[in-house]
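Enquirer: After the structure tokens below, expect a handful of questions from me.
Bear in mind that the values in this text are calculations on the coordinates, not laboratory data. Everything numeric in this text was worked out from a predicted model, so none of it was measured. Using ideal geometry, Cβ is built from the backbone for each residue, glycine included, and neighbour counts are taken over all protein chains shown.
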Amino acid sequence: MQVKILADSACDLPKYFYNESNVTLFPLRVHVNGQEYEDVKTIDPKTVYDAIRSGEVPKTSQVSPQLFEEVFMKMAENNEDGIYISFSSELSGTYQTSVMILDQVKEKYPNFNLTIVDTKCASLGVGLIVKEAARLASGNVAKEEILKDVLFRSQHMEHLFTVDDLDYLAKGGRVSKASAFLGGLLNIKPILNVEDGKLVPIEKLRGKKKVMRRLVEIMNERGADMSNQVIGISHADSEETVLEVKAMIEEEFHPKEVYISDIGSAVGAHTGPGTISIFFLNQLPS
């Protein structure tokens with residue numbers, strides 16, 4: 001039986017992906033304009049960005065425990081094996097909740113073979129891992145092999161972000177207020193990465209063009225065998241900029257593919273509009 005792949009909406013893959021790739025979606029929840037929505041399912045990112053631009057501060061909450069229980073129970077009853085590829089535990093309580101629910105389900109079904117992976121990755125950093133896992137699962141690759149690939153990519157996934165305004169991340173407690181203060185000065189743009197699952201500012205530069213060039217330089221410093229990779233770019237309502245960045249990456253590295261996605265409502269509620277994120281591996285699987 002094919003291994004079931006499960007993912008939460010913080011992996012920032014498009015809605016159609018889940019049906020086409022037979023991946024189970026766990027939506028995080030987004031609270032905006034006095035309403036609660038299910039990320040991907042009942043809200044689109046543009047709604048969140050427009051709300052932020054009009055002064056709203058959207059909130060997010062983790063995947064519903066009831067949904068985890070419902071899906072895990074059904075899989076256990078059907079004797080299905082699976083891998084849930086989770087958003088970083090440092091950025092959401094979703095991973096911890098899923099582990100707690102799995103323990104409860106295993107009291108009734110001790111042989112239930114579901115593995116939950118805390119990728120320590122975010123946005124399309126998780127998404128690229130999910131895409132490859134789904135591809136392997138569709139080819140009936142054994143669970144141990146898929147898991148090995150998921151763990152390898154989780155350990156070697158690089159994340160580079162630049163945001164228009166660090167205040168959004170500060171409001172959500174994702175970076176310190178001091179970092180945010182510096183970001184607002186004189187068109188200074190931060191570059192952040194993910195270290196052990198947390199968002200960390202690494203450099204600050206003045207002006208968008210300089211930032212874009214520096215992102216490509218850092219990719220050169222950190223990436224491995226880029227021409228044999230699928231490089232991911234996710235963006236928050238920045239269609240024009242993302243195409244510029246894609247052209248720069250293609251010219252510099254000639255990768256197998258540059259895969260572009262929108263930053264979803266749950267992640268975008270914290271990063272704000274104008275964010276550009278790039279994902280690639282610093283080592284390739286052997």
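Enquirer: Please compute the Cα-Cα pair-distance distribution of segment 216-263 with 10 Å bins starting at 0, giving whole percents from short to long.
Expert: 27, 56, 17
Enquirer: Now a separate question. For segment 88-138, build the convex hull from the C-alpha positions and give me its volume per residue in Å³.
Expert: 73
Enquirer: When the Karplus curve 6.51 cos²θ - 1.76 cosθ + 1.60 is applied with θ = phi - 60°, which whole-Hz ³J(HN,Hα) does each residue of segment 66-81 get, with x for Gly and Pro?
Expert: Taking θ as phi minus 60°, the curve returns 5, 5, 4, 4, 4, 5, 5, 4, 5, 4, 4, 4, 8, 6, 8, 8 Hz for segment 66-81.
Enquirer: Taking K and R as +1 and D and E as -1, what net charge do the other residues with C-beta under 9 Å from the C-beta of residue 263 add up to?
Expert: -3
Enquirer: Report the Cα centroid-to-centroid distance between segment 214-242 and segment 20-57 in angstrom, as an integer.
Expert: 25
Enquirer: Just from its helices, what would the mean residue ellipticity at 222 nm be for the chain, if runs of 4 or more DSSP H residues each count -39500 (n - 2.57) and the sum is divided by every residue, rounded to the nearest 500 deg cm²/dmol?
Expert: Numbers: 11 runs with 122 residues, N = 286.
Taken over the chain, the calculation gives -13000 deg cm²/dmol.
Enquirer: Moving on to the next point. Among the lysines, select those whose C-alpha is under 19 Å from the C-alpha of residue 210, and discard any that sit fewer than 8 residues away in the same chain.
Expert: Partners within reach: 189, 246.
Enquirer: What does the extension gain come out to for residue 239 and residue 64, with contour length at 0.36 nm per residue minus their alpha carbon separation?
Expert: Length difference between fully extended and current span is 59.8 nm.
Enquirer: Roughly speaking, what is the centre-to-centre gap between segment 191-210 and segment 102-123 when only Cα atoms are used, to the nearest Å?
Expert: Measuring centre to centre over Cα atoms gives 32 Å.
Enquirer: Sticking with this structure for a sec: Which stretch or stretches of segment 44-76 have amide N atoms under 17 Å from the point lying 7 Å from residue 103's Cα along the Cα→Cβ direction?
Expert: Within reach of a label on residue 103, which here means backbone N under 17 Å from a point 7 Å along Cα→Cβ, segment 44-76 contributes 65-66, 68-69.
Enquirer: With labels modelled as points extended 7 Å from the Cα through the Cβ direction, what inter-label distance (nm, one decimal) is found for residue 31 paired with residue 57?
Expert: It is 1.2 nm.
Enquirer: Considering only 202, 114, 267, whose Cα is most displaced toward the positive end of the charge dipole of the chain, charges sitting on Cβ of Lys, Arg (+1) and Asp, Glu (-1)?
Expert: 202
Enquirer: Right, next: Quick check: net charge around residue 73, other residues with Cβ under 12 Å of its Cβ, Lys/Arg +1 and Asp/Glu -1?
Expert: Around residue 73, the charge tally is -2.
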